[in-house]
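One structure below.
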Amino acid sequence: MEALIPVINKLQDVFNTVGADIIQLPQIVVVGTQSSGKSSVLESLVGRDILPRGTGIVTRRPLILQLVHIDADDRRKTSEENESKKNGRLYRGIDGEEWGKFLHTKNKIYTDFEEIRQEIEGETERISGNNKGISDEPIHLKIFSPHVVNLTLVDLPGITKVPVGDQPKDIEIQIRELILKYISNPNSIILAVTAANTDMATSEALKVAREVDPDGRRTLAVVTKLDLMDAGTDAMDILMGRVIPVKLGIIGVVNRSQLDINQKKSVADAIRDEYAFLQKKYPSLANRNGTKYLARTLNRLLMHHIRDCLPELKTRINVLAAQYQSLLNSYGEPVDDKSATLLQLITKFAAEYCHTIEGTAKYIETAELCGGARICYIFHETFGRTLESVDPLGGLSTIDVLTAIRNATGPRPALFVPEVSFELLVKRQVKRLEEPSLRCVELVHEEMQRIIQHCSNYSTQELLRFPKLHDAIVEVVTSLLRKRLPVTNEMVHNLVAIELAYINTKHPDFADACGLMNNNIEEQRRNRMRDLPSAVPRDKAAAGGAQSSSVSEQTDGGTGNWRGMLKKGEEGAAGDRAMPLNPLPASPQKGHAVNLLDVPVPVSRKLSAREQRDCEVIERLIKSYFLIVRKNIQDSVPKAVMHFLVNHVKDCLQSELVGQLYKTGLLDDLLTESEDMAQRRNEAADMLKALQKASQVIAEIRETHMW
C-alpha cells in the first residue's frame, strides 16, 4: 500500500501537464495563522531549508509540494522522468542524492536547495508582485530524496486579520477564500497548525477546518513551539486531547528558532534536539510526538485516504473522459476533402432549418416556443386575437353614419337609405384589417430569422468551427428571407384589396343576417302599431302600413335584400320630432338682408326617429359584413404567408445555399477554421489524453490488487 502515494504523484503529474485541476486528488493541506510555524513544519518534513523566510506574510501563493522517496543508492530520476527525452538522450545521472524540480521550469533540475528557495521567491513575486499581495495560482515543486516519506502537501498563506504595508484591505477575505478552496476538497487531509503558546480554544486553523469538516474525520492538529510555553506550564492536556479533541489526533513538534535559522542550524540537528526535548519534558508522550512521528502519521493517513478515494476517483476520471471524448467529437476532425465537407455542412444546415420549422428537429427547445410552433402561435394566437379585438364599428360614430347617408343622397331627400353609404362605410372598416395582417407577416419573418441562430447554436455545431462559412450561410438565408418579404406583403395587401374591390351583399351569410334583421324590424313596427292613440283608426294605420310594405316589396325586389330592412313611412308625431339644441335666431329686422351662410348649424342634436332607424340599420349591416370579411382574412392571411414565405424558403433554401456558396474559389476561405476552435480542440485532446493515461494508472494499481 506504500506505493499508493506515488500513484497519486503520477496522477498529479499527468494533470499538471494540461494545467487542469478538474480532478480533486488526495493531498495534505497545511493551514495556520501567520508565524504559527507552518513553514518550519514543512521544512522539517523535507529535511531541507527550501521555503522563503521573513517577517509578515511570506507564503503568498499556494505551494504544492510532492515528496518522493528514492533509494539512497539510486542516482537516477524516477521512472516516469527517465522516459522523457531531450536532444535524443535519456536523463540519467544526477549529481547529489537529493534534487528538486519545478513544473514551471519544465525539465530543469535543482540540486542546490538554496536555489530552490530563491526560485520560489522569484516565482511568487512574478505573479503576486512585491506588495505583499497573494495569488491563487499554485507553484508546483517536486522533491526527490532518500530522507523523505511519500507525501503531497499544500502550503497556503497564513491566516491574517489586519492588512500591512501595501496589502489590499480585504486581504483577510482573500486568504480565507483561498484556504476554503483547498480544504473544501473532500479528498484532502487538513493539517491544522497552532502554536503551543496560544490559546487552543481560539485556534483559527481549527475553526476554519471545522467549517468544512465538522465531524473532524479528515483533520489532524499539529501543535508547534512546545519549547516556548510560559514557565510552569505545559501542553500535556492539549496533546492528550483534553482541551480540544481531534479525531485524527494532535501531534506536538519543536521548531527551530529564528536564531537557529540565522546560525544555519541544520534540520537534522533540530530534529535531534526536538527528540531530546520531548524525552525530557514529555517522556510518556515522546514516542507519539515529534517531526518523525508526524511524517509517519501523515504518510499512513494519506495512504489510507488514497485507498478510500481511489474507487470514486476512478469513476470520476472515466466520466470526464467520456465527456471530453464527446466534446472532441463535436469539434470535428481536420478537413481533408473541403468540397465534400462544404456540401455536407450546407445540406445539414438546410435540413435542420426545415426540421425546426416542421417540429422534427433533433434538438427541441424547452425554454420557449421556436420554429414552426412559434409560427403557429403567431397565426392562431397573436394574429387571431388581434383581429378579434378589432371593433367592427371602431372609429365610426353615429354622426359619421348619418353624414355618409346624407352625402350619398345628394340634393334630393331620400325615400330609402342609399346603398352607396353602406359600401363607403364598410370599406373604411375593412381597411383596418390590413395593418394587423402585415404585422403578422413581419412576426413570421422575424421568427424565420431566429431559426437561423437556433440552428447555429444547437443543431449544427460544426459551423462554429468555420466562422466565415457561418456568416456566409446567415447572409444567404437572410437575403432569401428579405427577398420574399415584399412579395408576401404584396399578397397580403392584395387579399385586403380584393375584399375592398367588391362588396358582395349577396353573400349567403350576409343575406341570412339581413333576413333576420328584417324580421326584427317588422316586429318593432307591429309593436308601434299597437301603441298608436285610440283616435287613429287601426284599420287605416294597418292599411297605411300594408301600402308602405307593398311599395317596399316592389322597390326592394324581396325581403332578402338589405333594403327591406329599412323602415318606411312618415316621421312620427310632432312631439316625436327632434328639436335643435341651439334654436335659430329670431327673424331678421325689416330692411336687413339675410345671409343664409351665417345661420348657425346645430353642432349636436337629437336624431329623429327615421334617422335613428337608418343609422341603426347601416351599423348592423356594417357589423355583419365586417365579421364575414374578418373571418376570410383570418383564414387567408396565414395561408398566404405559408405559401409565399415559409414554404418557399423551405423549398428553395438548399438550392440557394449551394448556388451561392458551393464554388471552387470560395472553398479555402469559407472552410478556414477559427483559431479559437483549433485551440479548444487541442486542449480537449490533451485533456482526454491525460484522463486516459490517469485511467491506465489506476487500472494498473487495481490489477496488482493494491486496493
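Per-residue SASA remark: residue 611, around 30 Å² accessible (1.4 Å probe; ligands, DNA and RNA not included).
Give me the Kirkwood hydrodynamic radius of the stretch 153-233 in Å, from all C-alpha pairs, to one decimal place? About 14.0 Å, per the Kirkwood formula over Cα pairs. As an equivalent ellipsoid, the stretch 386-483 spans semi-axes of 55, 12, 7 angstrom, where each value is the square root of five times an eigenvalue of the C-alpha gyration tensor, largest first.
In units of the rule-of-thumb radius 2.2 N^0.38 Å, the stretch 215-258 shows an alpha carbon radius of gyration of 1.26.
Peptide packing: for 237-245, 32-40, 634-642, the average count of neighbouring Cβ atoms within 10 Å per residue gives the ranking 32-40, 634-642, 237-245, highest mean first.
For the stretch 598-684, the pair-distance distribution built from all alpha carbon pairs, in bins 10 Å wide starting at 0, is 12, 15, 15, 14, 12, 10, 9, 9, 5, 0 percent. Annotation: residue 446 carries an accessible surface of approximately 80 Å², with a 1.4 Å probe and no ligand, DNA or RNA atoms counted. Considering all C-alpha pairs of the stretch 110-260, those separated by over 23 Å amount to 50%. Restricted to Cα atoms, the stretch 312-368 shows a radius of gyration and a Dmax of 16.7, 47 angstrom.
Here the Kirkwood formula, the inverse mean of 1/r across different C-alpha pairs, assigns the stretch 298-426 a hydrodynamic radius of 23.5 Å. Computed from the alpha carbon atoms alone, the convex hull of the stretch 374-427 holds 83 Å³ per residue. Normalised by 2.2 N^0.38 Å, where N is the number of residues, the C-alpha radius of gyration of the stretch 104-193 stands at 1.25. Pairs exceeding 23 Å between alpha-carbon atoms, taken from 10/689; 142/169; 362/483; 10/108: 142/169; 362/483.
The values are calculated or read from the model by the stated rules, or taken from the named source; none is laboratory data. Please read these numbers as outputs of a predicted model, since none were measured by experiment. Positions of Cβ are generated from backbone atoms using ideal geometry, with glycine treated the same way; all protein chains shown enter the neighbour counts. The accessibility values were calculated without ligands, DNA or RNA, using every heavy atom of the protein model including side chains. Shrake-Rupley method; radii C 1.70, N 1.55, O 1.52, S 1.80 Å.
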